[in-house]
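J.: Let me give you the structure first, and then I'll get to my questions.
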Amino acid sequence: MPRIKTIYVCNHTHTDIGFTDYQDVIYRQHVTFIEQALDLIEATDGYPEAARYRWTCETTGPLMKFLRQASPEQLKRFKHWNDKGRIDVAAMQYNLTPLLNIEQMHRSLYPLRAIRDEFGLRVESAMQDDVNGVSWLYAYLLSELGVWFYTAAINPIRGARPKPFPGAFWWEGPSAKKVLAWNGYHYLFGRSQAGLGNWDLVDRLLPRWVKQLEDDPTYPFDFLYCESTHPVRVDNGPPDPRMPEFVKRWNEDDSRPFKFQFVTTSEFGKILRDGYANAIGTQRGDWTDHWMDGAASSAYEVGVNRNAHETMGSAEALEAWLRSKDGKRKWSSELADRTYEDMTLFDEHTWGAYSSIEAPESLFTRAQWNRKAGYAYSAVMNAHDQLAKAARAIAAPVSKPGPEGIFNLGDLKPEEAFKPSGINEVLVINTLPWDREVLVDEPE
């Protein structure tokens, strides 16, 4: 097959909400990484084009923290290099699991509106790392939102990869909408398997991977694409300052059989689409992650969060009905957003601290699990609050207020609150769009 001529390198940080540090610390670190990436981009602007540093923001969750607290000067700086194609924004909110329901999937892409409309940034690609895949609904959702390229860098431990690997295909969703997908090497490939940036390792590790592709009769490309993270802090790590000089020095050596080139995910997608369209087929179907053993280790909290999914959906259904009757009715979209964000942060792929097996009783491990579980408990409690408010509002017109009924109990004196009234009313509301038979437990 074609001789490998170019190795495209995508430098980024892998987003774990937790694992290496307490969750709130992670967000603060990612804000700093973006600043460091911009520094490195500017410091290498005079380098040859292939060696000019590029950075991809893997997920929008941490990026939004940066954008919301950035100064006007910082925002201008970020937009300048985004316009130049040197810093890229990938569309997925976090590295996700199959625990998300459809509403969460939709909401996980809400940040795109702010990123594009409010901050004027370009978003054309998406990436998921570590997980084995995401729901094929994303092939439709991303396409609808103008995100036409998706990369996967799967962690195959206890999991598996689809074929072609490595390779490209048009991934068709349930509505026939599709995105161009790249099914690539592990997200630690550049650092751990190829030794990029390390002159003591690269000549020993990299050649066998190049030869493997050149000897593969099913591999039609003349490049190797890989992601590269920080050499020490492989997850939630800063930009790798060695890499621009490494690429520059390598490319200056004319004896090398191939060259390196920095790319962002969007830039790589365009190379793939424009140069190799005839070598890319179509695959249709789900690409569901099956690596998720963390969920079983905390089955109770998973159940709590799944309860939050359904409770919040019921609250929204009732509130939508109420709003249709009273357009002035108040509904806290901010609280709803926060509730869904808590659900998604629990359903996000990071399960436990890196020390959770070796030191399960340590403060570090316990603190991270407390925060992780707290997302589920916070979500379900806020969901129940929003459901209760909506249910009371719907029940009010058909019930008797005060001690004679079931409404306004909070306004009663303690001695009146549980005074028998002789009235026993329960309003049952079906929040689903079809008829069904149910058993109703009557409250005491």
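J.: Provide, as a two-decimal number, the C-alpha radius of gyration of region 37-135 over 2.2 N^0.38 Å, N being how many residues it has. The partial results should precede the final answer.
T.: Details: Rg = 14.8 Å, N = 99, 2.2 N^0.38 = 12.6 Å.
For region 37-135, the normalised Cα radius of gyration is 1.17.
J.: Right, another one. In straight Cα distance, which aspartates and glutamates are under 15 Å from Lys248, not counting same-chain residues fewer than 8 positions off?
T.: Asp45, Glu49, Asp240
J.: Okay, moving on. Take the residue pairs Lys65/Lys270; Lys178/Lys270; Lys76/Lys270; Lys65/Lys178; Lys84/Lys259 and return only those whose Cα atoms are more than 18 Å apart. It would help to have the intermediate numbers written out before the result.
T.: Numbers: Lys65/Lys270 28 Å; Lys178/Lys270 16 Å; Lys76/Lys270 25 Å; Lys65/Lys178 30 Å; Lys84/Lys259 22 Å.
Beyond 18 Å between Cα atoms: Lys65/Lys270; Lys76/Lys270; Lys65/Lys178; Lys84/Lys259.
J.: Now a separate question. Which peptide among 134-146, 295-307 comes first, and what is the full order, when sorted by highest mean count of other Cβ atoms within 10 Å? Could you put the intermediate results ahead of the total?
T.: Details: 134-146: 20.3, 295-307: 15.5.
The packing order, highest mean first, is 134-146, 295-307.
J.: Using a probe of 1.4 angstrom, how much of the accessible area of the chain is carbon and sulfur, in percent? Walk me through the intermediate numbers first.
T.: Working: 11280 of 21200 Å².
Its accessible area is 53 percent carbon and sulfur atoms.
J.: Once both axes come from the Cα atoms, what is the angle between helix 72-83 and the longest principal axis of the chain, in degrees from 0 to 90, rounded to 10?
T.: So the helix axis and the longest Cα principal axis differ by about 60 degrees.
J.: Another one. With the other protein chains left in place, how much accessible area per residue, in square angstrom, belongs to the chain at a 1.4 angstrom probe?
T.: Per residue, the chain has 48 Å² of solvent-accessible surface.
J.: Can you compute the modelled spin-label distance between Asp203 and Ile102, with each label point 7 Å from Cα toward Cβ, in nm?
T.: For Asp203 paired with Ile102, the spin-label model returns 5.8 nm.
J.: Then there is this: For Trp434 and Glu310, calculate 0.36 nm times their separation in residues minus their Cα-Cα distance, and state this gained length in nm to one decimal.
T.: Details: separation 124, 0.36 × 124 = 44.64 nm, distance 1.58 nm.
Using 0.36 nm per residue and subtracting the Cα-Cα distance, I get 43.1 nm.
J.: Grab the other residues whose beta carbon is less than 15 angstrom from that of Asn305, score K and R as +1, D and E as -1, and report the net. The partial results should precede the final answer.
T.: Details: positive: Arg107, Arg306, Arg338, Arg371, Lys372; negative: Glu103, Glu301, Glu310, Glu341, Asp342, Asp347, Glu348.
Around Asn305, the surrounding residues sum to -2.
J.: What relative contact order, as a whole-number percentage, does the chain give when Cα pairs under 8 Å and 6 or more residues apart are counted?
T.: Details: 747 pairs, mean separation 93.7, N = 444.
Value for the chain: 21 percent.
J.: Taking R0 as 41 Å, what's the FRET efficiency between Lys328 and Thr282 from their Cβ-Cβ distance, rounded to 0.05?
T.: Details: r = 49 Å, r/R0 = 1.20.
The calculated FRET efficiency here is 0.25.
J.: Between Tyr377 and Lys65, what FRET efficiency follows from the Cβ-Cβ distance if R0 is 22 Å, with the result rounded to 0.05?
T.: On the way: r = 22 Å, r/R0 = 1.02.
It comes out at approximately 0.45.
J.: Quick one: pull the percentage of alpha-carbon pairs in region 65-197 with a separation above 20 Å.
T.: 52 percent
J.: Can you pull the Kirkwood radius for region 164-219, inverse mean 1/r over Cα pairs, to one decimal in Å?
T.: About 13.2 Å, per the Kirkwood formula over Cα pairs.
J.: Out of the trypsin sites (Lys or Arg not before Pro) in region 151-243, which ones are loop residues according to DSSP with at most 12 other C-beta atoms within 10 Å? Show your work: numbers first, answer last.
T.: Details: sites: Arg158, Lys177, Lys178, Arg191, Arg204, Arg208, Lys211, Arg233, Arg242; in loops: Arg158, Lys177, Arg233, Arg242.
Here the trypsin sites (Lys or Arg not before Pro) that fit, given the DSSP loop and packing criteria, are Arg158.
J.: Treat each spin label as a single point 7 Å out from the Cα along the C-beta direction, and report the Ala160 to Ser192 distance in nm.
T.: Taking the two extended label points, one gets 2.1 nm.
J.: Could you give the alpha-carbon Rg of the chain over 2.2 N^0.38 Å, rounded to two decimals? Before the final figure, lay out the partial values.
T.: Working: Rg = 25.6 Å, N = 444, 2.2 N^0.38 = 22.3 Å.
For the chain, the normalised Cα radius of gyration comes out at 1.15.
The values are calculated or read from the model by the stated rules, or taken from the named source; none is laboratory data. Small disclaimer: the values here were computed from a predicted structure and weren't measured. No Cβ is skipped: glycine too gets one built from the backbone with ideal geometry, and neighbour counts run over all protein chains shown. Heavy atoms of the whole protein, side chains included, go into the accessibility calculation; ligands, DNA and RNA do not. Shrake-Rupley method; radii C 1.70, N 1.55, O 1.52, S 1.80 Å.
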